[in-house]
Amino acid sequence: MDSSSVSLPASESEAVEDAWRVDVPMRSFQGGYYPQLIALYTQLGVAFREANFTYSFSLLSPPSSTRKRQINATMIYNGSSGCAGLSMPSILDEPYYLSKGKGFLTRAFTRIWTVGLFVLLTLYIAVCYVRMFSYSVPFLRSKIVYKMTFEEWAQWSIPTSKFSRWTGIDLAWKDYTQSVLLPLFSAVCTAPEEDVLRHPVEEFLGTSEYLNSLIPSDDSLVDYIWLTLGTHHYVVIHGVREVVARLMTTAQHIHLASTITSISPDPDDPHRSTIKCDTPEGPRVHDGFHHIIFATQATRAVPLLKSYRDALPRTSPKRQAIDAQLQCLEKFKYCSTIVINHTDPTLLPDNPRDQRDLNLICLDQDAVTDQGKSAFDWSAMTVPPSYTMATHVLCRPTGYPAHLPPVFQTTNPLISPEEGSILSVARLERAVLSVESKEALKGLYQEEGRKWWQCAGQGLARLGELQGAGRLANVQGSGIWICGSYVYAGIPLLEGCVVSARSVVEQGVYIAEGVTLISPPW
């Protein structure tokens, strides 16, 4: 929701309503990948705008005895679904600037050399992009891809023809998967590289305009590439605060500062459940629930489900159903994410010409030595070096005081911002898909088929047999339902939240209560 966001002064006024609300984490969504989310926002009247971000990919070199820390861009993407092309990183152009004052012929030769090298590298990237796009088209994919991890696919997809070896396309492809795709999806999933390598590749390939889909805040990697091809990136104009406000307009019985400690069968009515909470005024009990919907991380749902299970008789069919849900949820893995809002520009590429809206930075393993590693200040403000650091240059709102420095939002920092520059720190959890969790998902979300041109999540689907904990099979007890970003066929993102929530209500609660849906909500 909006709990981790931060308010900054947006004008000389100190009024709360005039504050600049910075979303944490940043929320953005892609036209092709988020149809249900966009429909929900439209229904609610939430205003959003196009935001076709530009990107830079950089390497972070640790300091050594002979040089200071460096962040050098290796690729610069200018957005607009690729129509704006690539820019030359300053490190390629450096020889030309160093040749200043060395004579016309020397400078001309240096310019021809650097431009020629950039054109060659751009050609290699274009070939790799077209090749990757061919893998993302659903009806062109080999069936073997559906069961591969990203690591297996990256190795399997290396071209082996004599032409590829002669032209160097095989080496270009290896570099493309390791230097572009791996850090990109590490940023998309806000996960370390080892988790990305184990991620099912189908989810990545289905969403083709991948460079416009970075923000963590949503089918698989292959599907992610295909579905976003040629579509725009959007952000909510007035931030997540407006989304929350509009969602809560008709909500009733809202309980704040109430930590749920356990759930259990209602002792007076086995068809209902009781929820126990800790509040500032002391413990409270809420009873009479026919259905309980877990709209939270799997790791948060498990302890509460265990409390419910432990309150049931050992031979109860309901206990067996809850046990099955627990076994399923325990297959889902989460990784920690740190998001820092700050004013420290040193977490961007060193050369201002390389800086873009979104700046992805990985540790340069070739430049790392034991001495270099020890020079890093690994702390509570940083993540392990296998993550990709993403720094977003936030757009100043109208009226933002000119004397105040620009604001940046860094997700998963590899290096800490200067202490005096930090505005806020948030620690979040993010579901990461694996082969095991993809198989476990079938118990909560089951595809019933798709057309030849469709990716996972686009075809017909129904609730998995574990949803409701037996309620749809007339097992006595409350309906226990699971929804969230991970209860959906794809990368765990906002679209999965909307789709799974709607499915639980329409295909679960309504059917259990004999309610007929007259018309869809949107």
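The values are calculated or read from the model by the stated rules, or taken from the named source; none is laboratory data. Fair warning: this is a prediction, and the values are worked out from it, not measured in the lab. Note that we place each Cβ from the backbone using ideal geometry, even for glycine, and neighbour counts take in every protein chain shown. Ligands, DNA and RNA are stripped out before the accessible areas are found, and what is left, the full protein with its side chains, is counted by its heavy atoms. Shrake-Rupley method; radii C 1.70, N 1.55, O 1.52, S 1.80 Å.
Using only Cα atoms, locate the centre of segment 21-58 and the centre of segment 108-160, then give the distance between them in Å, rounded to an integer. About 27 Å separates the Cα centre of segment 21-58 from the one of segment 108-160. Summing Lys and Arg as +1 and Asp and Glu as -1 over all other residues whose Cβ lies under 14 Å from the Cβ of residue 161 gives a net charge of +2. Take segment 456-497 with all the other protein chains still there, run a 1.4 Å probe, and you get 31 Å² of accessible area per residue.
Report the net charge of residues surrounding residue 505, where surrounding means a beta-carbon distance below 14 angstrom and charges are Lys +1, Arg +1, Asp -1, Glu -1. Counting the neighbours of residue 505, the net charge comes to +1.
Computed from the C-beta positions of residue 67 and residue 155, the FRET efficiency with R₀ = 35 Å rounds to 0.55.
Sort 49-56, 177-184, 83-90 by the packing proxy (mean of other Cβ within 10 Å over each peptide's residues), most packed first. Intermediate results must be reported in sequence, preceding the final value.
On the way: 49-56: 17.8, 177-184: 19.5, 83-90: 15.8.
My ranking of the peptides, most packed first, is 177-184, 49-56, 83-90.
Computed per residue of the chain from DSSP H runs no shorter than four, each worth -39500 (n - 2.57), the mean residue ellipticity at 222 nm is -8500 deg cm²/dmol.
Partner aspartates and glutamates whose Cα lies under 12 Å from the Cα of residue 68, excluding those fewer than 8 positions away in the same chain, are identified as 350. Between amide H atoms placed 1.01 Å from N, distances below 5 Å from residue 60 occur with 362, 363, 364, all of them 5 or more places distant or on a separate chain.
A cut-off under 11 angstrom between Cβ atoms defines the neighbours of residue 190, and their net charge, with Lys, Arg +1 and Asp, Glu -1, is -1. Think of each Lys and Arg Cβ as +1 and each Asp and Glu Cβ as -1; about the Cα centre, that makes the dipole of segment 233-326 roughly 280 debye.
Evaluating 6.51 cos²θ - 1.76 cosθ + 1.60 at θ = phi - 60° for every residue in segment 119-136, the Karplus couplings come out as 4, 5, 5, 5, 4, 4, 5, 4, 4, 5, 5, 4, 5, 5, 4, 4, 6, 7 Hz, glycine and proline recorded as x. Less than 5 angstrom separates the built amide H of residue 20 from those of 8, 10, all sequence-distant by 5 or more or on a different chain. Name the shape class, rounded, prolate or oblate, that the alpha-carbon gyration tensor gives for segment 387-522, where a ≥ b ≥ c are the square roots of its eigenvalues, rounded holds for a/c under 1.5, and otherwise prolate holds if a/b is larger than b/c and oblate otherwise. Since a/c reaches 1.5 and a/b is larger than b/c, the shape of segment 387-522 is classed as prolate. Highest average first, the peptides 155-167, 317-329, 400-412 ordered by how many other beta carbon atoms sit within 10 Å of their residues are 317-329, 400-412, 155-167.
Of the solvent-accessible surface of the chain, computed with a 1.4 Å probe and all protein chains present, 57% belongs to carbon and sulfur. Averaging Cα coordinates gives a centre for segment 458-501 and one for segment 281-298; these two points are 18 Å apart. Considering only beta bridges that DSSP places wholly inside the chain, some 85 percent are antiparallel. A straight Cα-to-Cα reach below 18 Å connects residue 174 with the lysines 162, residues fewer than 8 places away in its own chain not being considered.
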